[in-house]
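Worksheet: one structure, shown below.
The values are calculated or read from the model by the stated rules, or taken from the named source; none is laboratory data. In this text the structure is predicted, and so the values were computed from the model without any measurement. Glycine gets a Cβ as well: all are built from the backbone with ideal geometry, and neighbour counts include every protein chain shown.
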Amino acid sequence: MDLYQDQIKGKNVVCIVSGSNNDITRMEEIKERSLIYEGLKHYFIVNFPQRPGALKEFVNEVLGENDDITYFQFTKKNNREQGPAVVGVELKYKSDLDNMEQKMKTKKINYQHLNEQKELFTHLIL
């Protein structure tokens, strides 16, 4: 992936997307893959406590002011304590991921980072 990184560093680069297989309906997919590659889009399975305000706490106390939830799929199970949700978060800066994960660990939030689990990630997201 980083084959040309050193050769193009500091230069203006233009990416030309053309061809019949790159129609306008694929632009969201292209953007998504680009954000993932740049380390700005992350997906998690978060086990939220089954109580009012749990999502609000996650948004207010875990996410940074520039972070944005771009995907949320809650799965209600028969577990009275926790309910898993797939959460997609777009970051403004790649470095914000460490801070976000540290906050989840500090708050003892049970989560899995899906970007690091390729088989599960491609099955659930792409």
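Here are some notes:
- Screening region 58-101 for residues that are part of a loop (DSSP other than H, G, I, E, B) and touching a helix residue (DSSP H, G or I) at 6+ places or on another chain (Cβ under 9 Å) and picking the one that is surrounded by the fewest Cβ atoms within 10 Å (Cβ to Cβ) gives Asn66.
For every residue, the table says whether it meets (1) surrounded by 10 or more Cβ atoms within 10 Å (Cβ to Cβ); (2) among the small types (Gly, Ala, Ser).
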| position | (1), (2) |
| --- | --- |
| Gln7 | no, no |
| Cys15 | no, no |
| Met27 | yes, no |
| Gly39 | yes, yes |
| Pro49 | yes, no |
| Ala54 | yes, yes |
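- Filtered residue count, region 34-55, keeping only those that are assigned to a loop (DSSP other than H, G, I, E, B) and closer than 18 Å to Asp68 by Cβ: 3
- Within region 34-48, one or more residues are in contact with a strand residue (DSSP E or B) (Cβ under 9 Å, 6 or more places away or on another chain), hydrophobic (A, V, I, L, M, F, W, C) and farther than 23 Å from Thr122 by Cβ.
- Just one of the numbered conditions (1) of a type in the set (A, V, I, L, M, F, W, C); (2) modelled with pLDDT under 95; (3) within 27 Å of Lys118 (Cβ to Cβ) is not true of Ile69: (2).
- Hits in region 70-93 - residues which are of a type in the set (A, V, I, L, M, F, W, C) and more than 14 Å from Leu35 (Cβ to Cβ): Phe72, Phe74, Ala85, Val86, Val87
- Residue count, region 40-59 (criterion: touching a residue at least 40 places away in the same chain (Cβ under 8 Å) and of a type in the set (Val, Ile, Thr)): 2
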